[in-house]
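The values are calculated or read from the model by the stated rules, or taken from the named source; none is laboratory data. All values derive from a computational prediction rather than experimental measurement. Cβ sites come from the backbone with ideal geometry, for glycine too, and all protein chains shown count toward neighbours.
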Amino acid sequence: MQNDPIICEIRCPVHGFIGLTDFERRIVDSPQFQRLRRVKQLAWTDYVYPGATHSRFEHSLGVMHLATRLFDAIVETSEPLLRRVYRYNDNGFARARQIVRLAALLHDVGHPPFSHAMEKLLPLKAAGHYSLFPGQDAEPQLYEHEDYSVAIIEGPLAEIIHGHASNRRNFRIEPSEVSALIQGTPAGPTLFWREIISGQLDADRMDYLLRDSLHAGVSYGKYDLNRIVSSICAIERPSEESEEPKVAVMKGGAYAVEALIVARYWMHKQVYFHKTRLACDHHLGNAMREILKTETGIEAFPPPGTPEQLQSFLEWDDFRVMGLLARGNGGEHGERLMTRNHYRLVCEIEHLDTSLSELNRSTRRAEEIVKALRTKVKDIERPKALWYKTKANDELILVDDENRRQIGYLSSFSVLMKSINAGSQVFVYADKADAGAAKVDYEKFLREEAEKTRAAEKVKIDAAPNLGSASQELADGAVPSTQLAFPPQGTGKMVQREVPTYKGVPNVG
Amino acid sequence: MSDDKLFSRLALMAEISDHWRTKASTLGRTALMKLCFFLQESRGMPLGYSFSLYSYGPFDSDVLSDLGTAVRLNVLKEGIIYYSSGTGYEYQPGADIGSARDLASDFLKENKSNIQWAVDTFGNKTAGELELLSTAFFVAKYQNPADIERLIDQIELIKPHFSHEQIRKGVDELLSLKLLRKQPTTT
């Protein structure tokens, strides 16, 4: 069995030409996939970066293209291992490649309008009924966009997948085999390839970093894609760690992977968690709640349970929401979006996590700040900690370029990985009219906090023996260590103050 | 995710590492991942993870993120182990394990017996055995196979490393632990 021929190419601003087989073009031409043209990749981010108006449609094509490159590279470097463990022959590889391409193409087909910004409005799953499991689930969970992708693949797209001549003749791929790679359900040996659809080093994030960076007009998301592709392979791990092969990177590509992780960190800092973007997401969520309530009577999207419910979900796209917003159906928050009268950032509270007690203290401090700002606070956003998902890249295994022996995890070699981990932020917002006053309250809180700290220091120093007059100097405002201090007004120079040294008190800096 | 949820997860990892000291084997990443999986999915502990299936069993990258956080905050101590065919990590209680316990004392109290159960039940398993058992449980729970034989068929496709007999033995073990029922319900 050979790969199907490419019958058309689509020009992509990131990857150049992306080829499609006839089988794939039928899927791309389906109304379910074409809907992705009307779902923006980054929601309202174009209020900050005007170029960021690209869609899930072009991203999905890009993910298919990259997943294929990764697949081909892994087969090229690791073919004997895959043949031995998963009993692949040439036909098996061609079939797995087609499943990977379809899964990559369709991984986002179930996104709600405005992508991730609306995921909080997906409904709760009904309590599961399990034929062989006698227990109960811990907590009810919200549907995720992957659940809708799976329902679309196994529902309206199943006919295209089953019915295409090439699939009937050559591959005999079942829709459930495609959806298994997206959702993580049993798929036989093909499950190994899930790592390049949704894993430590997957085509999804490789594409969105480059694409979002390009359209936003920033350089933060760039990294050496070709080096990563040329370094990727499959390995067998020590049996003490696992029985199954895993995707790994040759050591020569470690710096390119490091660059990808740093790019992801920067993109989160500068684009995805931009203060205005977060405020817009807040307004969009509330406006959409209002719209759904008016249109459907329920403040959530329909579940993907029945074909009718799924069709009802698919009728929601950005165009429809924008039309309803333009007609004033989004309430106060919709109006704020339309007039760009979004909430304004009052303060960004650093959430330190250098120790458990510090993390706990930071949490309490954030609560005190919010309390001090009283009624002026309109919204508090705590984007999922920046390091949170990034940290999981530690799992990425590095192998020797020559003999493919596992030599450790990326974190063992990367000082960068360790240093980008600390801290996250809490964003506090107020109405535009109140933002100035709220900032004054915040400054007042900081001053009072500094005074309390100084008073506590004074108590400590007074209680300490052999300090003599030094305690009084320190309490009166002497600078306790070498530091740059702001100059007296008008001098225009930073001055370095002398470190006060006190008898019996070593300067430990 | 709230800080309280994070504190609960860190305290759980701390507690597992402490209980694990009575075991002969080392506590590695696979064991921690699969214990969190079983505790949430079979004992109903509200950990808030979202596991999905990979060829090496149920996995959620948030568990690794929490593990990294636990090490950075000195709740766990991480060491590298050198095997003949590569390297791995081992985990032991860290210097700040007491603080972790204090911050989630109610959670630990409520789940004391669950944690003890998990360590007692799975503490002597190899990484491969844990991958097999957790995969079998995941497939049984979320794929609703018609019966035990269909379950074994599905696992054989995912885990070609294991023989039919090994898979059957794993499924029997889950049955004896009452994590699975032999006769499927149809309602």
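Pairs meeting the criteria (first residue in region A:350-371 and facing chain B (nearest Cβ under 8 Å), second residue buried (at least 17 other Cβ atoms within 10 Å of the Cβ) and β-branched (Val, Ile, Thr), beta carbons under 8 Å, at least 6 apart or on different chains) are A:ASP353/B:THR69; A:LEU356/B:VAL75.
Going through region B:37-59 one residue at a time, which ones are of a type in the set (A, V, I, L, M) and within 7 Å of chain A (Cβ to nearest Cβ)?
Within region B:37-59, the first condition is being of a type in the set (A, V, I, L, M), and the residues that meet it are B:39, B:45, B:47, B:53.
Result: B:MET45, B:LEU53.
For region B:72-95, filtered to residues that are outside any strand (DSSP E or B) and crowded, with 20+ Cβ neighbours inside 10 Å, the residue that is modelled with the lowest pLDDT is B:ARG72. Contact map, region A:181-203: residues that are basic (Lys, Arg) paired with residues that are at pLDDT 90 or above, Cβ distance under 7 Å, separation 6+ or inter-chain. Pairs shown: A:ARG194/A:LEU181; A:ARG194/B:TYR54.
How many residues, within region A:184-211, are among the aliphatic types (A, V, I, L, M), outside any loop (DSSP other than H, G, I, E, B) and within 12 Å of chain B (Cβ to nearest Cβ)? Spell out the reasoning first.
The initial filter retains those residues of region A:184-211 that are among the aliphatic types (A, V, I, L, M), namely A:187, A:191, A:196-197, A:201, A:203, A:206, A:209-210.
From the residues that got through so far, the ones that are outside any loop (DSSP other than H, G, I, E, B) too are A:191, A:196-197, A:203, A:206, A:209-210.
Then keep just the ones that are within 12 Å of chain B (Cβ to nearest Cβ); that gives A:191, A:196-197.
Counting residues in region A:184-211 that are among the aliphatic types (A, V, I, L, M), outside any loop (DSSP other than H, G, I, E, B) and within 12 Å of chain B (Cβ to nearest Cβ) gives 3.
Looking across region A:346-396, the residues that are modelled with pLDDT of 80 or more and of a type in the set (Val, Ile, Thr) come down to A:VAL346, A:ILE349, A:THR363, A:ILE369, A:VAL370, A:THR375, A:VAL377, A:ILE380. Give region A:289-339 a look and list any residue that's aliphatic (A, V, I, L, M) and within 25 Å of A:VAL150 (Cα to Cα), or say none. Selection gives A:LEU292, A:ILE298, A:ALA300, A:LEU310, A:LEU314, A:VAL321.
Would you pick out the residues in region A:398-455 that are of a type in the set (Gly, Ala, Ser) and farther than 30 Å from A:TYR255 by Cα? I'd like the intermediate steps shown before the answer.
We begin by selecting, within region A:398-455, every residue of a type in the set (Gly, Ala, Ser); these are A:408, A:411-412, A:414, A:419, A:422-424, A:430, A:433, A:435-438, A:450, A:455.
Within region A:398-455, A:ALA430, A:ALA433, A:ALA435, A:GLY436, A:ALA437, A:ALA438, A:ALA450, A:ALA455 meet the criteria.
Of all the numbered requirements in (1) buried (at least 19 other Cβ atoms within 10 Å of the Cβ); (2) aliphatic (A, V, I, L, M); (3) within 21 Å of A:PRO50 (Cα to Cα); (4) over 26 Å from the mean Cα position of the chain (by Cα), A:ILE291 misses one, and that requirement is (3).
Any residue that is among the small types (Gly, Ala, Ser), within 30 Å of B:GLN92 (Cβ to Cβ) and touching a residue at least 60 places away in the same chain (Cβ under 8 Å) - is there at least one of those in region B:169-180?
Filtering region B:169-180 down to residues among the small types (Gly, Ala, Ser) leaves B:170, B:176.
Those left that are additionally within 30 Å of B:GLN92 (Cβ to Cβ): B:170.
In the following step, the residues that additionally are touching a residue at least 60 places away in the same chain (Cβ under 8 Å) were identified as none.
There is no residue in region B:169-180 that is among the small types (Gly, Ala, Ser), within 30 Å of B:GLN92 (Cβ to Cβ) and touching a residue at least 60 places away in the same chain (Cβ under 8 Å).
Considered as a group, the residues in region A:121-140 that are more than 7 Å from chain B (Cβ to nearest Cβ), among the small types (Gly, Ala, Ser) and touching a Pro at 6+ places or on another chain (Cβ under 9 Å) include one that is nearest to A:HIS282 (Cα to Cα), and that residue is A:ALA126.
Scanning region B:44-57 for residues that are modelled with pLDDT under 90, farther than 24 Å from A:HIS351 by Cα and buried (at least 21 other Cβ atoms within 10 Å of the Cβ) turns up at least one hit.
Taken over region B:135-163, the criterion of being within 24 Å of A:VAL150 (Cα to Cα), more than 7 Å from chain A (Cβ to nearest Cβ), outside any loop (DSSP other than H, G, I, E, B) and not hydrophobic (A, V, I, L, M, F, W, C) is satisfied by B:THR135, B:ARG150, B:ASP153, B:GLU156.
Set side by side, the residues B:ALA24, B:ALA11, B:ALA31 differ, and just one is more than 8 Å from every other protein chain (Cβ to nearest Cβ) and surrounded by fewer than 21 Cβ atoms within 10 Å (Cβ to Cβ), which is B:ALA24. Checking each residue in region B:112-134 for being more than 11 Å from chain A (Cβ to nearest Cβ) and not in a helix (DSSP H, G or I) picks out B:GLY123, B:ASN124, B:LYS125.
Just the residues that are of a type in the set (D, E, K, R) and either surrounded by 14 or more Cβ atoms within 10 Å (Cβ to Cβ) or outside any helix (DSSP H, G or I) (or both), please, taken from region A:296-345. Passing the criteria: A:GLU299, A:GLU315, A:ASP317, A:ASP318, A:ARG320, A:ARG327, A:GLU335, A:ARG336, A:ARG340, A:ARG344. Of the listed requirements (1) outside the structural domain of B:SER17 (by TED's automatic domain parsing); (2) surrounded by fewer than 16 Cβ atoms within 10 Å (Cβ to Cβ), B:LYS109 misses just one: (1). Selection of helices (runs of 4 or more DSSP H) fully inside region A:1-114 by the criterion of at least 2 residues being surrounded by fewer than 16 Cβ atoms within 10 Å (Cβ to Cβ) and not charged (D, E, K, R) returns A:31-34.
Of all residues in region A:243-257, one or more are touching a residue at least 60 places away in the same chain (Cβ under 8 Å), under 17 Å from the mean Cα position of the chain (by Cα) and either under 20 Å from A:GLY62 (Cα atoms) or surrounded by 19 or more Cβ atoms within 10 Å (Cβ to Cβ) (or both).
I'm trying to understand the selection: among the residues of region A:212-257, which are of a type in the set (Lys, Arg) and at the interface with chain B (Cβ under 10 Å from one of its Cβ atoms)?
Here is the first cut: in region A:212-257, the ones of a type in the set (Lys, Arg) are A:222, A:227, A:237, A:246, A:251.
Once the filter is applied, which keeps residues that are of a type in the set (Lys, Arg) and at the interface with chain B (Cβ under 10 Å from one of its Cβ atoms), region A:212-257 yields A:ARG237, A:LYS246.
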